[in-house]
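Here is the structure we will look at, set down as structure tokens.
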Amino acid sequence: MYKFRFTKRFKLKIDVIGLGYVGLVASACLAEEGHNVTGYDTNSEKLKSISQGYIPFYEPNLNELVKLAIQKQTLELKKIDNYGDLSADAIIIAVGTPLSQMGTLDISQLEVAIKWIISNYQNLPFIIIKSTVPPGTGEKLISQNLELTDKYISNPEFLREGQAIEDWKNPDRIISGSKSIEGNQCIEKIYKNYTSPFVHSDITSSEMIKFASNAFLANKISFINEIANLCDKLGAYVDDVSKGIGLDPRIGPNYLIPGVGYGGSCFPKDVQSLSDLSMTHLQSFDLLQSIITTNQKQQLMPYFYLSEKFENLQGLKVCVLGLSFKAGTDDIRESSSINLINQLSNSGVIINTYDPVSVNNAKKILPETINFFNNPYDAINEVQATIIMTEWSEFQNLNWEKVYKSMKNPKIIFDGKNFLDQKLIQGFGFDYFAVGRKIKNQK
């Protein structure tokens, strides 16, 4: 069991606005560190649910940490209202900035939050922006609200869903962008127990760091996917290629596992937003559009594969294992699996599916014709192809002999995450495919 250690060494009064994924993780972790934290949100039902011990999304260990913080009275939850006399050392804004229909980030929730702060705090605290915003946003907001000049701090988050608590406690770096020395000192005080390197910059550079980081990682994923596709044409084995280039310290091994592309709330949104931002400023950035195009193609690779295998997909029985965009979360935003299922469904494929935590979310958006199951074996029973779209460990540890006996010919296993033991799977007699692994595993 994960052990939490509450301390009183660094007590500050910190308010957090927006109790979504980032805001709730920030609130709970800061409360564990001994700060007095008040979390604000506009959603009364969400606040009630959290206070009763039920967080509205899946993140390992977060539910327990929130409960403990509330019990120890280091975390309090409140609805945003007209208080007029609030005080704090610092305020973290972690509201959503979704993509608008125009493809740009909608910062309206951030603007509303700032107006609320100005109206409700007697002495304006430092305002720390965790929300992802386009570079230049901070300067624009300061020009509209001059009282923010020395108080506005850009402090982007780099939390990975599924391991957010660990990422909060052990960040690779801590970025702060501010117009004042006091702003940077505020960040250093909040994170004073951390050994991570600090990077102090201007506000726009801090905002750009978040976008550049995510775009670069998305680029690595799309790059290795294109390499994997070429490996299939040339007879090369992408696992060896990936290992060989990843050992170069200038490249590194992370994000070099090919498969069905990336999804989630960050990479797709940030790459698209950065692309649109470059177009707005008449700056050609063709690489970003290539990243997007490759990812869109990669998400549908199982569909293209089945279309080559079968003359007609109508009536084909397929199991899709995994609905979340990655393991460790129930987040299905921009999930490769959701996009694939919609494409297969439109082609008349009969689809069974299973995911350990994401079924309820998926039921809200997928067609009613999709068959949801409570365990993988029932979902796989009598299908002709099984497609693994999320790298849940339980999919690696399936009883493959049982799976083989329950499937119908041609017994296809499409390993969309390139994480199964190819030799083992082929040894049972499955028709196995994963991008870049077209040659048989001879090891």
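Residues being buried (at least 22 other Cβ atoms within 10 Å of the Cβ) and more than 25 Å from Ser358 (Cβ to Cβ): count how many of those fall in the range 40-66. Number satisfying all stated conditions: 1.
If the condition is being touching a Leu at 6+ places or on another chain (Cβ under 7 Å) and charged (D, E, K, R), then the range 41-81 contributes Asp41, Lys46, Lys79.
Taking the criterion of being free of Cβ contacts under 8 Å to residues at least 12 places away in the same chain and of a type outside the set (S, T, N, Q), no residue of the range 385-401 qualifies.
For the range 308-323, name all the residues that are in contact (Cβ under 8 Å) with a residue 40 or more places away in the chain and in a helix (DSSP H, G or I). Hit for the range 308-323 is Lys309, nothing else.
Within the range 426-440, does at least one residue satisfy the condition of being farther than 30 Å from Cys231 by Cα and of a type outside the set (A, V, I, L, M, F, W, C)? Within the range 426-440, none of the residues are farther than 30 Å from Cys231 by Cα and of a type outside the set (A, V, I, L, M, F, W, C). The selection criterion, being at pLDDT 95 or above, small (Gly, Ala, Ser) and either out of contact with any His (no Cβ under 8 Å at 6 or more places or on another chain) or more than 22 Å from Ile209 (Cβ to Cβ) (or both), holds for Ser290. Does Leu282 count as part of a loop (DSSP other than H, G, I, E, B) and surrounded by 15 or more Cβ atoms within 10 Å (Cβ to Cβ)? No: the conditions fail for Leu282.
Taking the range 373-413 as the range and being acidic (Asp, Glu) and over 30 Å from the mean Cα position of the chain (by Cα) as the test, the residues that pass are Glu382, Glu401. What about Pro134, is it closer than 19 Å to Cys266 by Cβ, assigned by TED's automatic domain parsing to the domain that holds Ala164 and either crowded, with 17+ Cβ neighbours inside 10 Å or out of contact with any His (no Cβ under 6 Å at 6 or more places or on another chain) (or both)? Here the answer is yes, as Pro134 does meet what is asked. There is at least one residue in the range 224-235 that is in the same structural domain as Ile332 (by TED's automatic domain parsing), under 19 Å from Arg160 (Cβ atoms) and surrounded by 21 or more Cβ atoms within 10 Å (Cβ to Cβ).
Scanning the range 181-211 for residues that are touching a Phe, Trp or Tyr at 6+ places or on another chain (Cβ under 9 Å) and polar (S, T, N, Q), we see that the one that is surrounded by the most Cβ atoms within 10 Å (Cβ to Cβ) is Asn184.
Among the residues of the range 97-110, those identified as surrounded by fewer than 21 Cβ atoms within 10 Å (Cβ to Cβ) and over 19 Å from Phe267 (Cβ atoms) are Gln101, Met102, Ser108, Gln109. Residues in the range 416-425 that are free of Cβ contacts under 8 Å to residues at least 60 places away in the same chain and surrounded by 17 or more Cβ atoms within 10 Å (Cβ to Cβ): Leu420, Gln422, Ile425.
A quick yes/no check of all residues on (1) within 30 Å of Ser178 (Cβ to Cβ); (2) among the small types (Gly, Ala, Ser); (3) touching a Leu at 6+ places or on another chain (Cβ under 6 Å):
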site: Phe216; (1), (2), (3): yes, no, no
site: Asn219; (1), (2), (3): yes, no, no
site: Ala236; (1), (2), (3): no, yes, no
site: Asp239; (1), (2), (3): no, no, no
site: Asp248; (1), (2), (3): no, no, no
site: Pro253; (1), (2), (3): no, no, no
site: Ile257; (1), (2), (3): no, no, no
site: Gly261; (1), (2), (3): no, yes, no
site: Ser273; (1), (2), (3): yes, yes, yes
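Only one of the listed residues (Asp355, Asp276, Asp330) is at pLDDT below 95 and either in contact with a Ser or Thr (Cβ under 9 Å, 6 or more places away or on another chain) or not basic (Lys, Arg) (or both). That residue is Asp276. Of everything in the range 322-331 that is among the hydrophobic types (A, V, I, L, M, F, W, C) and buried (at least 24 other Cβ atoms within 10 Å of the Cβ), the residue that is farthest from the chain's Cα centre (by Cα) is Leu323. So is Thr353 of a type in the set (Val, Ile, Thr) and crowded, with 18+ Cβ neighbours inside 10 Å or not? For Thr353, the condition - of a type in the set (Val, Ile, Thr) and crowded, with 18+ Cβ neighbours inside 10 Å - is met. In the range 64-80, the residues that are farther than 19 Å from Val95 by Cβ form Cβ pairs under 6 Å with partners that are modelled with pLDDT under 95 and assigned to a loop (DSSP other than H, G, I, E, B), at six or more places apart or across chains, as follows: Leu65/Phe4; Lys67/Gly53; Leu68/Phe4; Lys72/Phe6. Just one residue in the set Ala113, Ala94, Ala69, Ala88 is crowded, with 16+ Cβ neighbours inside 10 Å, under 23 Å from the mean Cα position of the chain (by Cα) and of a type outside the set (Lys, Arg); that residue is Ala94.
Out of (1) in contact with a Lys or Arg (Cβ under 7 Å, 6 or more places away or on another chain); (2) without any contact (Cβ under 8 Å) to a residue 24 or more places away in the chain; (3) of a type in the set (S, T, N, Q), what's the single condition that is false for Asn155? All conditions pass for Asn155, except number (2). So which helices (runs of 4 or more DSSP H) are wholly in the range 1-109 and hold at least 2 residues that are among the polar types (S, T, N, Q)? The helices (runs of 4 or more DSSP H) meeting that bar are 44-51, 62-71. Looking only at the range 196-222, residues that are in contact (Cβ under 8 Å) with a residue 24 or more places away in the chain and farther than 30 Å from Asp150 by Cβ come to 7 in all.
The values are calculated or read from the model by the stated rules, or taken from the named source; none is laboratory data. Please read these numbers as outputs of a predicted model, since none were measured by experiment. Positions of Cβ are backbone-derived with ideal geometry, glycine not excepted, and every protein chain shown enters the neighbour counts.
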